[in-house]
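Let me begin by presenting the structure, written as structure tokens, before commenting on it.
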Amino acid sequence: MSAPKAISPYRLSSLLRRQKDPNLALQLFQNPNPQIQSPEPQKPFRHSLLSYDIIITKLGRAKMFDQMDQILSQLKEETRFVPREIIFCNVISFYGRARLPDRALKLFDEMPAFRCRRTVKSYNSVMDTLLKCSDFEKMREFFAGFESKVTPDACTYNILINACCKRGCLDDAWNVFDEMRRKRVRPNAVTFGTLVHGLCANSKLEEALNLKEDMLRVYEVKPDASVYASLMKELSRAGELSLTLGLKEEMEREGIKLDSGVYTTLISANFKVGRKEEAFRILEEMRVSGCKPDTVTYNAMIHGLCMEKDFEAACKMLDQIGEQGCKPDIISYNIIIGGLCKEGKWVEANDLFEDLPRRGCKRDVLSYRTIFDGLCGCKRFKEAALILDEMVFKGYAPSALSAQKLVGELCREGNMEELLWKVLTVLGNANLIDVNSWGLVISKACKKGMVSNVCELVDTLIVQ
DNA sequence: ATAGGGTTAG
């Protein structure tokens with residue numbers, strides 16, 4: 001009988017790459033040869049650097065940070081090789097996406113202990129992480145210590161420009177742009193994509209359109225699909241459908257390939273003016289031209305169909321996403337739940353909401369807010385209170401306006417005192433009662449001779 | 001997989 005053959009590090013990395021489940025991938029990494037049970041203690045498996053890359057990325061994507069950190073400390077002890085800088089960049093941005101800036105900074109500080117030299121790429125990753133966490137002050141601080149260590153590149157300036165745009169400081173964005181050019185760093189397509197989007201998001205449509213013209217003429221950078229998608233979205237928002245379609249023609253004329261982002265914008269733009277058939281035609285045109293619709297595209301379709309109150313077609317679209325090899329995401333469901341509520345179909349909306357875990361979709365804060373607002377809108381206060389309790393328990397908060405509205409409605413209703421106290425207790429425990437609500441509640445209590453109830457509530461809350 | 005766009009709510 002031949003003993004099972006030990007797996008090679010090379011083969012292991014290929015198995016890891018194919019394993020979609022991060023937990024199973026981790027098991028495989030930690031125990032590559034489960035079938036071999038030798039009496040002597042096994043030597044630790046000599047993982048390849050590629051296997052480290054793959055497992056760290058998989059764990060980071062799955063937000064399994066404790067497990068990821070454990071693999072990182074194992075990597076730190078490896079003396080056979082020097083980890084590539086890009087691994088750290090990726091981990092730093094995983095922390096950024098998860099809003100864990102301190103862990104990102106900690107890893108950045110530890111990089112030398114991994115024998116890895118930090119170039120401008122790692123610095124950029126930290127900058128972008130701080131931006132994603134909206135910590136502009138720390139960003140400024142970090143950038144101040146930048147130039148003594150590394151030379152900022154186009155990516156650095158693009159992140160800075162993006163930060164200015166996100167804060168609505170367009171003048172600052174232009175200053176960074178000028179600074180970049182003074183330092184002889186050439187702006188690229190991302191620079192202009194960021195600026196155009198920033199201008200559009202700050203309602204400077206004219207300036208954005210002019211910049212698109214200047215891109216080629218002055219800066220010799222060809223506008224790409226990103227630039228067009230931002231412009232088309234803003235034009236459509238401004239009610240300029242013909243200018244939106246004009247930009248589509250311009251792309252075709254200039255030989256700029258339309259991508260799924262541009263098609264998605266066009267689908268939304270058409271639904272916005274009630275052109276449902278045209279939206280379907282664009283979806284078809286997209287397929288014919290070899291551009292695969294993605295989940296975002298389908299979500300635009302679902303949203304359009306919900307606006308048309310065609311929930312049957314919207315749900316059919318949900319099935320189609322799966323058939324196309326994509327899968328519906330939480331936004332797909334939130335759109336339908338919100339649409340159903342708006343039409344008073346709260347039972348269907350609630351059923352879909354309850355069904356999300358079974359469908360493999362994690363409910364996010366907007367799912368809760370949508371169903372909560374929807375139930376309140378349908379005057380299903382009891383059901384809304386149940387959702388409120390669950391969402392606060394999960395650490396999510398309703399929008400301040402919604403919470404205030406519910407308290408207001410319950411105060412107005414004649415026989416809802418019991419529910420009102422329940423809602424106030426839940427909101428109070430999470431410190432979500434605003435001044436206006438207090439006013440309403442107190443005046444209601446005075447009318448009803450329930451002052452002692454309110455005092456009791458205030459006492460409980462003050463104790464905390 | 002160091003940086004930009006297109007889908008929900010407000």
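So which of A:183, A:149, A:166 is open to solvent by 70 Å² or more (accessible area, probe 1.4 Å) and touching a Leu at 6+ places or on another chain (Cβ under 8 Å)?
Working: A:183 fails: touching a Leu at 6+ places or on another chain (Cβ under 8 Å); A:149 fails: touching a Leu at 6+ places or on another chain (Cβ under 8 Å).
Result: A:166 is the single residue among A:183, A:149, A:166 that is open to solvent by 70 Å² or more (accessible area, probe 1.4 Å) and touching a Leu at 6+ places or on another chain (Cβ under 8 Å).
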Discussion item. Going through A:176, A:218, A:196, A:190 one at a time, which residue ends up being within 10 Å of DNA strand B (Cβ to nearest atom) and open to solvent by 20 Å² or more (accessible area, probe 1.4 Å)?
Written reply: A:190
Worksheet entry | Verdict on residue A:350 being farther than 17 Å from residue A:321 by Cβ and open to solvent by less than 60 Å² (accessible area, probe 1.4 Å) | yes
Worksheet, complete the sentence: The residue from A:397, A:349, A:384 that alone is small (Gly, Ala, Ser), over 29 Å from residue A:308 (Cβ atoms) and either modelled with pLDDT of 95 or more or over 22 Å from the mean Cα position of the chain (by Cα) (or both) is A:397
Discussion item. Restricting to the stretch A:222-277, count the residues that are near DNA strand B (Cβ under 9 Å from one of its atoms) and of a type in the set (Val, Ile, Thr).
Written reply: 5
Worksheet item: Can you name the number of the only condition in (1) near DNA strand B (Cβ under 9 Å from one of its atoms); (2) among the polar types (S, T, N, Q); (3) under 29 Å from residue A:21 (Cβ atoms) that residue A:124 fails?
Response: (3)
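Scanning for something more than 15 Å from residue A:338 (Cβ to Cβ) and open to solvent by 30 Å² or more (accessible area, probe 1.4 Å), does the stretch A:363-372 turn up at least one residue?
There is no residue in the stretch A:363-372 that is more than 15 Å from residue A:338 (Cβ to Cβ) and open to solvent by 30 Å² or more (accessible area, probe 1.4 Å).
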Fill in: Of the criteria (1) open to solvent by 30 Å² or more (accessible area, probe 1.4 Å); (2) closer than 30 Å to residue A:184 by Cα; (3) among the aromatic types (Phe, Trp, Tyr), which one residue A:228 fails
(1)
Practice prompt. Among what's in the stretch A:90-105 and is open to solvent by 10 Å² or more (accessible area, probe 1.4 Å) and under 14 Å from residue A:72 (Cα atoms), pick the residue that is farthest from DNA strand B (Cβ to nearest atom).
Written response: A:103
Worksheet item: If you scan the stretch A:258-291, which residues turn out to be assigned to a loop (DSSP other than H, G, I, E, B) and touching a helix residue (DSSP H, G or I) at 6+ places or on another chain (Cβ under 7 Å)?
Response: A:258, A:259, A:273, A:291
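The values are calculated or read from the model by the stated rules, or taken from the named source; none is laboratory data. Just so it is clear, the model here is predicted, and its values are computed rather than measured. No Cβ is skipped: glycine too gets one built from the backbone with ideal geometry, and neighbour counts run over all protein chains shown. Ligands, DNA and RNA are stripped out before the accessible areas are found, and what is left, the full protein with its side chains, is counted by its heavy atoms. Shrake-Rupley method; radii C 1.70, N 1.55, O 1.52, S 1.80 Å.
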